[in-house]
Amino acid sequence: MTQQQPEASAAVPATSPHRPGAGGAARKTVQVTGELLLTAGAVLLLFVAWELWWTHVEADASQAKAIDGFASEFTGPLTPPAEQTDHGKPAVSAAPGYGETIGIMYVPRFGADYSRPIVQGTGPDVLDSLGLGHYEGTGMPGAAGNFAVAGHRQTHGAVLDSIHQLVPGDRIYVQTKAGYYTYVYRNNQIVLPSRTDVLLPVPTKAGAPPRDSYLTMTSCNPRFGSEERIVAYSLLDSWQPASAGPPSDIAALVAMTHGKA
């Protein structure tokens with residue numbers, strides 16, 4: 001008898017560890033990339049919040065402290081004089097040490113409550129925290145020459161955010177321990193950061209002897225960039241000593257800034 005051979009069974013493929021195909025790898029890559037982008041976006045939002053909000057909070061606190069320190073040492077009435085008087089040649093104080101407060105600037109065009117400290121120096125520690133920085137080596141308020149200051153336009157208190165809104169004839173007031181200096185705004189100029197001639201005793205005029213007293217304010221341009229500089233020029237119009245009291249149109253603000261309102 002012939003032995004019957006068993007029927008061939010269907011082939012069963014050998015088992016092997018699972019290996020993801022090209023589609024799975026692509027999905028994994030997209031997932032990881034998406035998570036990284038979300039993380040980067042969150043970090044960017046936090047940075048923007050810090051730049052546009054928290055730096056203002058910190059700067060405002062530091063500037064308020066600088067103003068309080070100046071006010072505590074200021075002597076003189078905080079009410080305007082009964083009548084306008086010609087007080088003669090303005091007093092000119094010596095420049096203080098780096099980081100020390102020169103005085104306070106009031107600019108009605110920037111708001112009815114605008115008052116910012118002016119501090120000696122233009123390093124990041126001054127501009128990022130203390131307000132307007134005075135370019136060392138330029139003149140002091142009232143002196144023949146150029147009293148030049150710098151300030152941020154958007155972050156760190158945005159002390160010169162509205163510099164582009166100045167209109168010829170606007171008055172800018174600088175208060176020091178010696179008194180009050182009233183400057184009248186003339187014009188602005190957009191220049192490259194390399195244009196340091198705007199800080200000369202007669203702005204942009206190398207070698208010219210100064211006869212007038214200038215106030216030059218500089219800040220970044222455009223508002224959310226730093227490719228250029230916007231420079232605002234003003235001329236001294238009048239001054240009055242601390243003993244005479246403040247100019248009448250900022251008397252209420254001066255009193256409020258000194259905590260006497």
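All of the numbers you see were taken from the coordinates with simple rules; none came from a lab. Since the model is a prediction, treat every value here as computed from it, not as a measurement. When we count neighbours, we look across all protein chains shown, and the Cβ atoms used for this are built from the backbone with ideal geometry, even at glycine.
Antiparallel DSSP bridges in the range 90-219: what percent, to the nearest 5?
Working: 16 of 25 bridges.
Antiparallel bridges make up about 65 percent of those DSSP assigns within the range 90-219.
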Need one number: nm distance between label points at ASP197 and VAL57, each 7 Å from Cα along Cα→Cβ, rounded to one decimal.
4.5
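Quick one: which of LYS89/LYS260; LYS89/LYS177; LYS65/LYS89 span more than 22 angstrom between C-alpha atoms? The partial results should precede the final answer.
Values: LYS89/LYS260 29 Å; LYS89/LYS177 16 Å; LYS65/LYS89 32 Å.
Distance filter (> 22 Å) returns LYS89/LYS260; LYS65/LYS89.
Are there chymotrypsin sites (Phe, Trp or Tyr not before Pro) in the range 170-261 that DSSP marks as loop and that have at most 11 other Cβ atoms within 10 Å, and which are they? Could you put the intermediate results ahead of the total?
Working: sites: TYR173, TYR180, TYR181, TYR183, TYR185, TYR214, PHE224, TYR233, TRP239; in loops: PHE224.
For chymotrypsin sites (Phe, Trp or Tyr not before Pro) across the range 170-261 that sit outside H, G, I, E and B with at most 11 neighbouring Cβ atoms in 10 Å, the list reads PHE224.
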How much of the calculated P(r) for the range 57-257 lies past 25 Å, in percent of all Cα pairs?
30
Rg(Cα)/(2.2 N^0.38 Å) for the range 95-185, N = residue count
1.01
